[in-house]
Amino acid sequence: MSLSLPLVNVLDYDPEFLQQCPEQEAAREGARQGELDDGAGSTGRFAAGRAHRAVRPGGRRLMAVDLAVVGARVRTMDPSAPWATAVAITDGVIVAVGSDAEVRELCDAGTEVLDAGGAAVTPGLVDSHQHLLTGAEVGRGLDLDRVADLDGVRAALAAERRRVGDGWVLGFALEYSALGGRRWHHDLVDDATGPCPMLLYALDLHTGFANAAALRAAGIDGARSFPDGASIVCDEDGRPTGELRERSAIELVSRTIPVAGRAERLGWYRDAIARQNAVGITAIHQMDGDDDTAATLAALDDEHALGLRVALHYWIGPDTDDEAVDAILRGPRHRGRRWSAGGVKLMLDGVIETGTAWLEDPDEEGGGRAAMWPDIERFRRTVAACHGAGLRIATHAIGDRAVREVLDAYASLPARDGAPHRIEHIETAPDTTVARFAPQRVTASMQPIHLRWMKPDLSDPWSQRLGLPRCQHVMRSGDLSAAGALVVLGSDWPVAPFDPRLGLFAARARRPPDSDDERAIGASRPLSGEEALAGYTRNAAEAIGEEGVAGMLRPGYRADLVAWGEDPADCPVADLPELPVLATVVGGEVVHRAGP
């Protein structure tokens with residue numbers, strides 16, 4: 001392969017780009033003052049030392065290459081120059097992409113040169129829908145992922161009760177199928193949990209399951225009304241069963257759980273970030289947040305503990321009053337070294353399994369007939385106000401009616417520059433709806449790993465509740481991409497595992513990697529390997545207006561990259577779940593390095 005690509009000297013950076021990237025500008029300013037961070041408190045850099053920089057009269061640097069990666073198979077995701085063998089980095093920015101010889105010419109005695117030995121290198125991966133802080137908190141409880149039946153759930157709860165003593169029994173990722181078709185009632189688990197109060201989250205976080213002790217602790221003794229369509233499920237005698245549908249109902253119990261101290265919580269977040277770095281994640285789109293979330297991200301950033309970039313979206317629900325909405329619209333657009341807050345997240349419906357998704361026609365049990373926003377006109381006014389304030393809008397819409405209504409709301413907005421608005425999940429949609437995304441310039445935010453709860457024979461709770469033929473139109477990532485839509489991929493962690501290798505597998509195979517049934521789920525076409533990787537890289541950057549600084553390995557772009565044992569875009573699909581992640585780099589900083 002012959003490579004002769006243009007190289008960019010660090011002196012040629014676009015000042016406008018630097019203003020958008022405070023991390024890079026801060027590093028450059030420190031270099032001017034001879035005060036570059038030596039890596040203390042971070043996970044280290046590739047380079048063990050700093051290069052000696054040649055300096056022009058007046059203090060301007062002639063060249064400053066900290067790191068050169070050579071001998072690699074670099075998939076740049078840059079359509080104008082898709083392949084290279086070497087990358088040069090300084091001060092957190094890519095300064096050259098080209099051949100080994102071209103990049104070596106920029107090195108001096110202080111540059112660390114890494115010979116990748118033929119390893120694959122790609123841009124860093126972005127999880128485009130995640131709940132970082134919630135995931136770190138919920139994840140401290142009992143992991144019920146893939147616990148197949150009620151006997152397994154009871155056994156796990158009994159063991160957790162012994163572990164916590166008199167404390168709360170907490171768990172997450174309970175699959176609806178584990179109930180074996182039963183309706184939840186606290187009687188199912190009260191013996192296993194005993195006097196300990198218990199709260200379990202369903203796999204989608206849209207349903208909570210409480211035992212009798214937790215209901216008593218929260219003072220729940222019957223049905224209540226909520227502004228967001230939430231509900232306390234009660235039996236025929238009006239007594240609560242312990243099933244709590246949607247956020248407001250769940251929070252009646254969750255607010256009674258003792259809160260850990262700040263230092264302990266920050267430790268949880270650091271651990272979650274490190275685990276994500278270890279599988280190649282360099283950035284996330286955080287789909288819930290408020291001023292407290294922003295303060296937490298700022299604290300992690302200040303401590304050099306934010307090992308990935310975060311694009312924060314403030315939460316606006318039907319229960320968010322007008323004053324709070326106005327504060328978000330008028331408020332400052334927070335940003336730090338590795339995080340920013342320029343978006344909002346709305347939720348128009350719930351989930352298929354409990355009948356809270358908004359459907360064009362009722363589901364098999366008569367559900368799916370209402371939006372989460374009782375006043376749909378207020379939803380539309382909120383969308384228009386956020387658009388007018390220059391905010392990116394991400395709206396959760398799972399049912400076909402909800403997806404159509406969001407597209408209608410977006411279509412009514414005046415044209416503007418900036419990142420496109422987006423719809424999250426899109427679990428079911430007909431052809432006519434799929435065809436609207438590209439011409440309306442609406443991003444489709446998809447989570448192929450959610451196919452892990454569905455079965456090709458349609459015997460799973462999702463398919464049974466939705467019914468034919470709609471359940472065949474499940475998560476149409478490939479169809480949306482083929483129709484020209486911008487498709488971004490993510491996990492919705494802690495709803496599903498954040499490991500993007502599992503997401504890449506599901507996107508390409510249309511099934512989860514741990515299924516014995518190798519048939520594809522649903523009628524949608526799979527994504528190709530390059531389409532799937534674009535969903536985690538180039539498309540993810542475009543979705544938040546960062547296509548000029550991220551998502552590709554190109555001179556002047558952020559030095560966020562991953563080294564792999566094989567190329568995730570063209571390796572055999574079966575290799576993806578265990579594909580070695582050799583190193584993860586964020587802003588030129590090594591945040592993960594595989595062991596020997």
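Remark: the chain carries a charge dipole of roughly 960 debye about the Cα centre, counting +1 on each Lys and Arg Cβ and -1 on each Asp and Glu Cβ.
The stretch between Asp166 and Asp143 holds 6.3 nm of extra length on full extension. This uses 0.36 nm per residue minus the Cα-Cα distance.
Using a 1.4 Å probe and counting only protein heavy atoms, arrange Leu144, Leu502 so the residue with the most accessible area comes first.
Heavy-atom accessible area, descending, gives Leu502, Leu144.
Within the accessible area of the chain, the carbon and sulfur atoms contribute 49%, probe 1.4 Å, all protein chains present.
With the other protein chains left in place, how much accessible area per residue, in square angstrom, belongs to the stretch 285-329 at a 1.4 angstrom probe?
36
Between Ser225 and Asp115, the FRET efficiency estimated from the beta carbon spacing at R0 = 51 angstrom works out to 0.20.
I'm checking a number: the convex hull volume of the Cα atoms of the chain, normalised per residue, in Å³. What is it?
For the chain, the hull spanned by Cα atoms encloses 155 Å³ per residue.
Select from Ile273, Pro258, Ala327 the residue farthest towards the positive end of the dipole of the stretch 232-365; place +1 on Cβ of Lys and Arg, -1 on Cβ of Asp and Glu, and compute about the Cα centre. Value computed over the given set: Ile273.
Taking Cα atoms only, the orientation of helix 500-509 departs from the longest principal axis of the chain by about 70 degrees.
With the simple spin-label model, which puts each label point 7 Å out from Cα in the Cβ direction, the Arg262 to Asp457 separation comes to 5.5 nm. To test your reading of the geometry: what angle, between 0 and 90 degrees and rounded to tens, separates the Cα axis of helix 291-302 from the longest principal axis of the chain? It is inclined by approximately 30 degrees.
Against the chain, whose longest principal axis is taken from its Cα atoms, helix 400-411 shows a tilt of about 50°.
Residues in the stretch 75-148 average 32 Å² of solvent-accessible surface per residue, probe 1.4 Å, ligands and nucleic acids excluded. May I ask for the distance between the Cα centers of the stretch 187-207 and the stretch 354-410, given as a whole number of Å? Comparing the Cα centres of the stretch 187-207 and the stretch 354-410, I get a distance of 30 Å. Accessible area ranking (1.4 Å probe, heavy atoms, ligands and nucleic acids excluded), largest first, for Cys196, Cys107: Cys107, Cys196.
This model, with +1 at the C-beta of Lys and Arg and -1 at the C-beta of Asp and Glu, gives the stretch 473-543 a dipole about its Cα centre of some 160 debye. Note: relative contact order over the chain, using C-alpha pairs below 8 Å and six or more positions apart, is 16 percent. Selection among Gly208, Ala218, Gly242 by position relative to the dipole of the stretch 206-254 gives Ala218 as farthest towards the positive end (Cβ unit charges, Cα centre).
Length gained on full extension, Gln440 to Ala101: 117.5 nm, using 0.36 nm per residue less the C-alpha separation. According to the Kirkwood relation over distinct C-alpha pairs, the hydrodynamic radius of the stretch 503-579 is 13.8 Å.
Magnitude of the charge dipole for the stretch 405-513, about its Cα centre and with charges confined to Cβ atoms of Lys, Arg (+1) and Asp, Glu (-1), is about 260 debye.
Placing unit charges on each Cβ (+1 for Lys and Arg, -1 for Asp and Glu) gives the stretch 379-421 a dipole about its Cα centre, and among Ala389, Ala402, His421 the Cα reaching farthest toward its positive end belongs to Ala389. The slack between Ala384 and Glu236, meaning 0.36 nm per residue of separation minus the straight C-alpha distance, is 49.1 nm.
How many angstrom lie between the Cα centre of the stretch 459-494 and the Cα centre of the stretch 218-272? Between the Cα centres of the stretch 459-494 and the stretch 218-272 lies a distance of 28 Å.
The values are calculated or read from the model by the stated rules, or taken from the named source; none is laboratory data. Only a predicted model underlies this, so the values are computations on that prediction, with no experimental measurement involved. FYI the Cβ positions are ideal-geometry reconstructions off the backbone, even for glycines, and counts take in every protein chain you see. Side chains are part of the model used for accessible areas, which takes the heavy atoms of the whole protein and leaves out ligands, DNA and RNA. Shrake-Rupley method; radii C 1.70, N 1.55, O 1.52, S 1.80 Å.
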